[in-house]
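S.K.: One structure is given below, represented as structure tokens, and several questions about it will come after.
The values are calculated or read from the model by the stated rules, or taken from the named source; none is laboratory data. Because the structure is a prediction, the values reported are computed rather than measured. Every residue, glycine among them, receives a Cβ derived from its backbone with ideal geometry; neighbour counts consider all protein chains shown.
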Amino acid sequence: MPICDLVNRRVGILGMGVEGSALLTALRRAGHDLPVHLFTERDFVPVAAQGPVVCWQGEGWAQGLAAVDVLVRSPGFAPTHPVRLLADDLGLPQTTPTNLYMEAVRQAGLPVVGITGSKGKSTTSTLLYQTLREAGLSVQLLGNIGVAALDHLEWVLAQRAITVFELSSYQCADLTVGPSIAVLLNLFPEHMDWHGSVEAYYRAKLRIATTQRPGDLLRIDHRSVAWMERCRPVLVEEQIHLPSAFHFADGWFCRGAERLFSDGRMRLPGQHNRENSCAVLAVVELFGIGHEPLQRVLERFEGLPYRLADLGYHGGIRWINDAISTAPEATVVALQAFGAEVATLIAGGKDRGFDYTPLVEVLAGSAVCHLIVLPETGAVIAALVRQRGLPHIVVSEVANLAAAVQRAVEVTPVGRIVLFSPGAPSYNQFANFEERGRALAALIGPADLV
């Protein structure tokens, strides 16, 4: 349902973070003047300009749901959340801010490029956004990147702008209208506690494709094809699959047999960033853009915070901050990005039942000589390393990040890299990966003077 259909209905909002606040503002701008019912887990005091609201907490949730016609949920509330379960029992219509935005821009005939994947979606979305801007097109970057889509709906409609929409698995899970151009990057198990199983997580991600319309475009990364086939999603009839003409080989970005430009001046590390840049090339070509704008962007773009971020040399040791790494596959990618330069790996965090065997196999063939592990998964990783028998790796189990940094300073040779790539969520010791990343930067202090 488009947001204009909510103007005369009694609306409930689950979650008053960035998305919920943007929805409330959008409703008022659209002319909604009825009380809006807010379902929260803590006190929320809206500003006067947001009109009449009724707040419901805890024991009042059931009563509040009985007073609304539709519930709009912010991302992140799992299917097992009490408010969602109560709404399901009542048969209450439910939607999301993502769906409201998608329906509005698709109804207006505007292009939406949706990008999802287990890792790399934020960087790829940013690269695409910057490349389209570099080419002089009107474009807005929204979604899981941290920008509430509904805050920018009026501008996008007025400017007839392109939307680059980064989509998390939470946003994909109940997507009703897919993007006109969908890009599915690499997939590996994540957020299984939220989705319930690996297959459910993949099916959620694949909704970016299964909710598209006839004539919409889809680009699937070669690393995800196997999961696409395994989950057997129902794809849209007449959906157009973009050919994989763009690829990276021998230090060059290519289109078929034609070499376009080398990666010699590219700032981003890692093979995965080169493969994801090929996805950007495939999308911008649809808008009549050649490779030159992306080439210029890649020569200056150093990456996003806490994603393989180079913190420079500290006491002669180079530090890489990959605090966003929340699964072992992400740590594998980080190790591959820097290769033999990595002498020390700091890993570990909240235990979500991931299999760390593939990470240990990569460590077996790496130049890493010191492994420093943090609770809770650190004990699992350490046990696997000892079981595997890797005499070239010294394992240190420490209690917290401060102790890990101190140990890394003691054991890492000058000129080599300490890679902080936890391979696990942060919630056992930090509020989020940003806080974890800031903590590392504070602990190592200022970089050496050059």
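S.K.: Within the range 336-367, how many residues turn out to be buried (at least 22 other Cβ atoms within 10 Å of the Cβ), under 18 Å from Val411 (Cα atoms) and not small (Gly, Ala, Ser)?
M.R.: Number satisfying all stated conditions: 5.
S.K.: Just to be sure I understand the filter: pairs with C-beta atoms under 6 Å, separated by 6 or more residues or on different chains, first member in the range 61-83 and in contact (Cβ under 8 Å) with a residue 40 or more places away in the chain, second member part of a loop (DSSP other than H, G, I, E, B) and among the acidic types (Asp, Glu). Which pairs pass?
M.R.: From the range 61-83, no pairs qualify.
S.K.: Can you go through Gly353, Gly348 and tell me which one is within 26 Å of the chain's Cα centre (by Cα), farther than 14 Å from Val418 by Cα, modelled with pLDDT of 95 or more and not assigned by TED's automatic domain parsing to the domain that holds Leu128?
M.R.: Only one candidate qualifies: Gly348.
Matching residues to (1) in contact with a helix residue (DSSP H, G or I) (Cβ under 8 Å, 6 or more places away or on another chain); (2) among the β-branched types (Val, Ile, Thr); (3) surrounded by fewer than 20 Cβ atoms within 10 Å (Cβ to Cβ):
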| residue | (1), (2), (3) |
| --- | --- |
| Leu374 | yes, no, no |
| Leu401 | yes, no, no |
| Gln406 | no, no, yes |
| Val411 | no, yes, yes |
| Val418 | yes, yes, no |
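S.K.: So, one more: Of all residues in the range 255-288, which are free of Cβ contacts under 8 Å to residues at least 60 places away in the same chain, loosely packed, with under 15 Cβ neighbours inside 10 Å and within 21 Å of Arg133 (Cα to Cα)?
M.R.: Listed by number, the residues that qualify are Arg265, Arg267, Gly288.
S.K.: From the list Leu235, Leu260, Leu294, which one is more than 26 Å from Ile145 (Cβ to Cβ), at pLDDT 95 or above and not β-branched (Val, Ile, Thr)?
M.R.: None of the others qualify; the one that does is Leu260.
S.K.: Of the conditions (1) under 24 Å from Thr210 (Cα atoms); (2) in a loop (DSSP other than H, G, I, E, B), Gly136 fails just one. Which one is it?
M.R.: (1)
S.K.: So, Leu390, is that one out of contact with any Phe, Trp or Tyr (no Cβ under 7 Å at 6 or more places or on another chain), free of Cβ contacts under 8 Å to residues at least 40 places away in the same chain, surrounded by 15 or more Cβ atoms within 10 Å (Cβ to Cβ) and hydrophobic (A, V, I, L, M, F, W, C) or not?
M.R.: For Leu390, the condition - out of contact with any Phe, Trp or Tyr (no Cβ under 7 Å at 6 or more places or on another chain), free of Cβ contacts under 8 Å to residues at least 40 places away in the same chain, surrounded by 15 or more Cβ atoms within 10 Å (Cβ to Cβ) and hydrophobic (A, V, I, L, M, F, W, C) - is met.
S.K.: Which condition breaks for Gly270 when tested against (1) on the phi > 0 side of the Ramachandran plot; (2) at pLDDT below 70?
M.R.: Looking at each condition in turn, Gly270 falls short on (2).
S.K.: Just one of (1) closer than 21 Å to Val395 by Cβ; (2) among the basic types (Lys, Arg); (3) in the same structural domain as Ser122 (by TED's automatic domain parsing) trips up Arg267, so point out which.
M.R.: (1)
S.K.: With the condition being exposed (fewer than 14 other Cβ atoms within 10 Å of the Cβ) and under 28 Å from the mean Cα position of the chain (by Cα), I'd like the helices (runs of 4 or more DSSP H) fully within the range 1-96 carrying at least 1 qualifying residues.
M.R.: Where helices (runs of 4 or more DSSP H) fall fully within the range 1-96 and carry at least 1 residues being exposed (fewer than 14 other Cβ atoms within 10 Å of the Cβ) and under 28 Å from the mean Cα position of the chain (by Cα), they are 82-90.
S.K.: Further, regarding this structure: Looking at (1) under 24 Å from Cys278 (Cα atoms); (2) small (Gly, Ala, Ser); (3) surrounded by 17 or more Cβ atoms within 10 Å (Cβ to Cβ), which is the only condition Gly136 fails?
M.R.: Checking Gly136 against (1) under 24 Å from Cys278 (Cα atoms); (2) small (Gly, Ala, Ser); (3) surrounded by 17 or more Cβ atoms within 10 Å (Cβ to Cβ), the one that fails is (3).
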